[in-house]
Each structure stands twice: as structure tokens, then as C-alpha cells.
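A quick write-up on the structure given underneath.
Readers should treat all values here as calculations from the given coordinates under stated rules, not as data from a laboratory. Keep in mind it's a predicted model, so treat the numbers as computed, not measured. A quick note on method: Cβ atoms are made from the backbone with ideal geometry, for glycine too, and the neighbour counts reach across all protein chains shown.
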Amino acid sequence: MTAVEWQETRQKLAQQKRWVIKIGSALLTNDGRGLNREGMQSWVDQIAALLQQGHEVVLVSSGSVAEGMTRLGWSKRPDEVHKLQAAAAVGQMGLVQAYETAFAGHQRATAQILLTHDDLSDRKRYLNARSTLRTLLSLGVVPVINENDTVVTDEIKFGDNDTLGALVANLVEADVLVILTDQLGLFTADPRSNPDAQLIAEGRASDPQYMAMAGGGGVLGRGGMITKIRAAKLAARSGADTVIVGGRIDNVITRLRAGEVLGTMLLADKEPVAARKQWIAGHLQTHGELVLDAGAVKALRDGGRSLLPIGVVATTGRFERGQVVACKDEQGNLVAKGLVNYNQSDAQKIVRTPTAQLEQALGYIAEPEIIHRDNLVVL
Ligand SMILES: Nc1ncnc2c1ncn2[C@@H]1O[C@H](COP(=O)(O)OP(=O)(O)O)[C@@H](O)[C@H]1O
Ligand SMILES: N[C@@H](CCC(=O)OP(=O)(O)O)C(=O)O
């Protein structure tokens, strides 16, 4: 794209209706020195102005662990999970109080929503969360979302709120995901350790070079830039463009709304994937794996075909019919995710089996596909 085209894209993005704004731990808690109330007031004022202009905003806010640590007088982030969970529970009170007070000054109601990965991977709970969020938006309420740290364990947590922000963007079919962080945006290398690193103004979320630029995260936040780039890719699935930008920039949200060149804009360049497929792709944990031969990998990647048992060479894990499984190539690379038509023990019986011999192998006929293409997302 030419510079003029990028500028036009920026203007268009700024006018999109539905925004998810994610505020990271490092920014929100002034690098661990308690809640950045001044910053919070300023972001809330700017969000209130967006709402006034007819936008809808969902806020995804981190900071519960960091604020809990401050309230409990802890200077070092604990390693024990239950202590982190306790800190999150204490800190979440401070977070929602601060947001509620700040939004009340604009006569705006807020709603606290605490989500877990399980909530979004269970179809029924996912649909419930979606309708609640849609209802809140239609009422002009600002949902304030965080992970429900009290009940999550290592295996089932998002861990970083960048991923949560992206899944929320998918859930509400947001147009824009704004990730406010403690750096000006994505740099060619971590600016903390590379003073010569250059800020990237714009690009495509799918561009593989960005992952290589993203180093580790800070002490308070957990994700770093890698999770922000992954989030941009995830958000792109439902058509949302992402802006990674410095939350300390004066009037950052208002200026983005005015189309100013700030931070890093990562565009969603593909057609949005249907909501059901996004839900499948959004599963961070899968129940098991199917290993595919090279022909099956090609049929999925190039042909958009269903997965037939003949192309499956092995199965692992314990999965039931209807659960999400990962499809990998023989080198272990993730190729796709999908809703499987057979439980693991039956799937194992029909590996490498031609369609015509399925009944003989199983003693019954279910679907000829092990995963139907409507339930399959190639990654
Ligand atoms: N290429 C990069 N560009 C910008 N920041 C980077 C890059 N690579 C790593 N980082 C680090 O990521 C940090 C932001 O991530 P994190 O601490 O998780 O923040 P947040 O709490 O906002 O999610 C920055 O402070 C920076 O040190
Ligand atoms: N949910 C937790 C952790 C989330 C977190 O730190 O995320 P991030 O700001 O993306 O690094 C919290 O509110 O402290």
C-alpha cells in the first residue's frame, strides 16, 4: 500500500463502530506502584467521548494481580498459584471500583465480567457470554473484562490478557482491537534492550516477520509483544484490525479516533471466518490430536476439503465425539483444528481406512468424514 492508502485505512479504521480496548498490567499499575488512577481517569474520559460519538466499547483490563500485590504490601510477585489467585481477587476489587467511579462521572454504567478459557470453549457458555455482552452494549453499558483468576489453573488459563482481548474481539465481532501498553507500539526489537529499535507504523497481522521481533515480556505483565502479535492474528479472524499503542501517549484514544499515526496498526487482511469456525480456532486447549499424512495435509490446506479417515495415520489423547482436536502433520506442526466425529477409541480403529471399509472396521456407520470441512479450521 502507498503512504496515502495507509492513511486512508487509518481514517477508516478510526471510524469503525465497535472497539475492544485492552489495558495491560505494566501500564495500569505504573510498573507496580499501585493503580495509575490518573491514567485510568484519562482513558475513561476518552472512552466516554468515543461512546458519545456513537461507538461501542468493551474494556479488557489487566492489573488485578499487580493491584492485589500493592494492597497486600507484597513487593515480589509470588510464584505460588494460590497466592497469585488471592492477589487477583483482592486487586480486582480495586480495579472495578476505580473504573466504576471514573465512568460514573460520565453517567455511564459499567459491568464486571470475569471469564475463563472454559467459558469460551463450551459452546453454550460462549453463546451466553456473547448475548450478555451484546445486551450490555445495546444498553450503553461498558463491560470491563478480566480473566477469572480465582478459578483457573495453569492448564486452562489465558495467562495474558492480550489473548483474552482478541477472543473477546471475536466474541463481540469487534471492528477494532486497541492494545494499550507501556511501549509506543511494536518495535523492530525490544526497545528496553535495543535503543536503536525502530517503531513499526503499520503492517498486516499475518506477516510472519513480526513474531521474530517480539522478545519476552515485562515483570508485571506476562505476555510481552509476542502475545500482542498473536492477539492481532486471532482478532483478524473475525475481521478486527489491531492497534498496539502506548497508553501513556497524551489523549491516545482520542487521537487514534482522529486518524493520527500512532503506534502499530496491524490489519486483518483475510475475509472474516464464520463465528462458529472462530470459536473452534479460539480453543487454546484441544482434547487430543490426529496425525495426518502429507496428502491429507495438502487436501486441507489447498483444497479446503473435509478430513477423511484414510488420511489419518495416528491419534493421541482422549477425546469424545464433538470435541475440538488438533490436526498435526507427521513432523508435529499444527495444521488445523476441528470438531471430531468419532471418539478416540473409534477414531483409532479407522486410521488409514478407506471410506468404503468404515462400516466393516467399526460395526456401524457414522459420518464418512472424521472432521467435516464445516467444522474444520486450517491455521
Ligand atoms: N519488539 C518489541 N517492541 C516493543 N516491545 C517489546 C518488543 N519485544 C518485547 N517487548 C516488551 O514487551 C513489553 C510489553 O509487554 P508486557 O510487559 O506484557 O505489557 P502489558 O502488561 O502491557 O501486556 C514491553 O515493555 C517490552 O519490553
Ligand atoms: N488477569 C491477570 C493477569 C493478566 C495480565 O497481566 O495480562 P497482560 O497485561 O496482558 O500481561 C491480572 O489482571 O493481573
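Backbone geometry of the stretch 176-186 corresponds, through the Karplus equation with coefficients 6.51, -1.76 and 1.60 at θ = phi - 60°, to 3J(HN,Hα) couplings of 9, 10, 9, 9, 8, 9, 8, 10, 5, x, 7 Hz, x marking Gly and Pro. Taking amide H positions as modeled 1.01 Å from N, with prolines and chain starts lacking one, the residues under 5 Å from residue 202 and 5 or more places away or on another chain are 265.
Kirkwood analysis of the chain, using all unique Cα-Cα pairs, places the hydrodynamic radius at 21.9 Å. Segment residue 275..residue 198, full-extension length gain: 24.1 nm, with 0.36 nm per residue of separation and the alpha-carbon distance subtracted. Applying the criteria of a DSSP loop state and at most 14 other Cβ atoms within 10 Å to the trypsin sites (Lys or Arg not before Pro) of the stretch 17-81 yields 17, 33, 76.
Assuming charge only on the beta carbon of Lys and Arg (+1) and of Asp and Glu (-1), the dipole of the chain about its Cα centre is about 380 debye to the nearest 20. Under Stokes-Einstein, with the Kirkwood radius over Cα pairs as Rh, the value for the stretch 1-62 at 20 °C and 1.002 mPa s is 160 µm²/s.
Counting every other Cβ atom within 10 Å of each residue's Cβ, 353, 286, 101, 153 order from fewest to most as 153, 101, 353, 286. When the chain is treated as a Gaussian network with alpha carbon springs shorter than 10 Å, the biggest mean-square fluctuation among 64, 193, 138 belongs to 193.
Among the helices of the chain, those built from whole DSSP H runs whose Cα atoms reach 30 Å or more along their own axis and whose mean Kyte-Doolittle hydropathy is at least -0.5 are 81-104.
Normalized C-alpha radius of gyration of the stretch 286-378, against 2.2 N^0.38 Å? Walk me through the numbers on the way to the answer.
Values: Rg = 11.5 Å, N = 93, 2.2 N^0.38 = 12.3 Å.
That works out to 0.94 for the stretch 286-378.
The stretch 168-203 and the stretch 306-341 have Cα centres separated by 33 Å. Loop-located GluC sites (Glu not before Pro) in the stretch 5-42 (DSSP state other than H, G, I, E, B) with a sparse environment of at most 16 neighbouring Cβ atoms within 10 Å are absent.
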